[in-house]
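What follows draws every value from the coordinates through simple rules; no lab data is involved. The structure presented is a predicted model; accordingly, all values stated were derived computationally and were not measured. Cβ: placed from backbone, ideal geometry, glycine included. Neighbour counts: every protein chain shown.
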Amino acid sequence: MLNYIRKYLFLLVSVLLYACGQDSRDRSKIPPTPFQTESIQNIASLEALTDAIRSNPSLAENYYKRAIILHKMGDNQKALEDINRADRLKQNTGKYLYIKALILRDMKQYREAYAFAQSAEILNVDTPELYTLLGHLSQQRNDLKNAEQYLAKSLQIAPFDGETYFYQGTLAARKGDTVTAILKMTRALDMKPTFKVGYSTLTDVLKNRRLYDSALAVNKSALAQFPKDADFYVDRGLVFYKFGRLDSSLVYYDKAFAIDSKRFDALLYSATIYFKWKNYTKALEYYEKVLEANPNTPNINYSIALTYEQLGSLNKAEEYLKTAVEKDPNNIPAIIALNRVSGRINSDLGVYEAPIPLPTKRAQGTNVASKPVIEEPKKLLDTSRIRVNIIAPKKKITIKTDTSRKLKL
């Protein structure tokens, strides 16, 4: 019995000592390095490069590096300013021209981007990234033969570059080979799951082919990679809209706007759905928010006018239609709507207004719209109330002849 108690105490003490030692060692461990997201790393790099530029503003390399970071962060305008400074400080540097071409491409200035990318190639920049960029820009120029050659050259250097496979997919789509396009783009995303453009483009291709389930599957993968990216919520909404699921479409447009309050295109899509549902008050609310944010949104005045017309506010509808026609005198739907609305208003007022003529083919190249001619309403004369004065003819004039004068023979 005594031996048993001793063994039990020994085990108990051993366990306690192990626990204390383990706890002591746990407290003495160096904590793991916290994971830093790419966004945090970019901000830190940006701050460091900004400090370096303040210390030595004449060093081109720092502007070049900061331009790359700004481009990654999506601030293309500031990135372009930095790479232009680097180029001025150290001209004819191929890698600077490549970055400039990359930034201009993302700003959709394709012609300028192509010129700088070609200059970079002349200056012996021999990288798969440059050839992939040239392949994409050649497609934008409809030079499909050169695009194919550049992309093939890129794959010779880097056989597993997902971005190159993606632009091979867009090239196949341009040639009408949708099957190859889908295969290439799918392979590209397998190789490079963080390639954002690839998800949107592939989703769009599948949507246009009416492969809605596949489009939603690709979009789901995109949202798994980028759960807070409004673009992919808009993409999902567009897929649902395409096959008539307007309620689901509206849900994802609202999510996109909740994530990014600058995504007024999502509001525009939502307004279209409310208009289809004949909820004109809600549609008008969304349309007016879009107009306030961007007055140059295509057809926004026309859409607001149609909504006011449905609500019975013809004067407001006429006001917005006149603005739409002033901005685009060749907007035929707006001219037709303006004639319709103005005709309804003028018929109530008892006024006739000549319709605005539709632009002819010759006049469509001008910015001059024919002005409406306003005429007073025609009235018929009441002849029973008019006194007619009859003018009597003058008396006949008699001329006396002189008989004393003889006719000379």
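If you take the square roots of the eigenvalues of the alpha-carbon gyration tensor of the range 190-266 and sort them as a ≥ b ≥ c, do you get rounded (a/c under 1.5), prolate (a/b over b/c) or oblate?
On the way: a/c = 2.06, a/b = 1.11, b/c = 1.86.
Here the range 190-266 falls in the oblate category.
Listed highest first by mean packing, meaning other Cβ atoms within 10 Å per residue, what order do 297-306, 176-185 come in?
Taking the mean over residues of other Cβ atoms within 10 Å, the ranking is 297-306, 176-185.
Treating only the Cα positions of the range 289-363 as identical point scatterers, give the base-10 log of I(q)/I(0) from the Debye formula at each q in 0.26 Å⁻¹.
-1.20
What per residue convex hull volume, in Å³, comes out for the range 274-317 when only alpha-carbon positions are used?
60
With a 10 Å radius around each residue's Cβ, average the other Cβ atoms per peptide and rank 43-50, 318-325, highest first.
Ranking the peptides 43-50, 318-325 by packing returns 318-325, 43-50.
Give me D for the range 120-182 in µm² s⁻¹, whole number, from Stokes-Einstein with Rh from the Kirkwood sum over alpha-carbon pairs, 25 °C and 0.890 mPa s.
213
On average over all directions, what projected area in square nanometres does the range 99-240 have, based on the convex hull of its Cα atoms?
In nm², the orientation-averaged hull projection of the range 99-240 is 8.3.
For the range 153-208, what is Rg from Cα atoms divided by 2.2 N^0.38 Å, rounded to two decimals?
With N residues counted in the range 153-208, Rg over 2.2 N^0.38 Å equals 1.04.
Give me the percent of Cα-Cα pairs in the range 160-313 that sit more than 23 Å apart, rounded to a whole number.
Details: 5247 of 11781 pairs.
Cα-Cα pairs in the range 160-313 separated by more than 23 Å: 45 percent.
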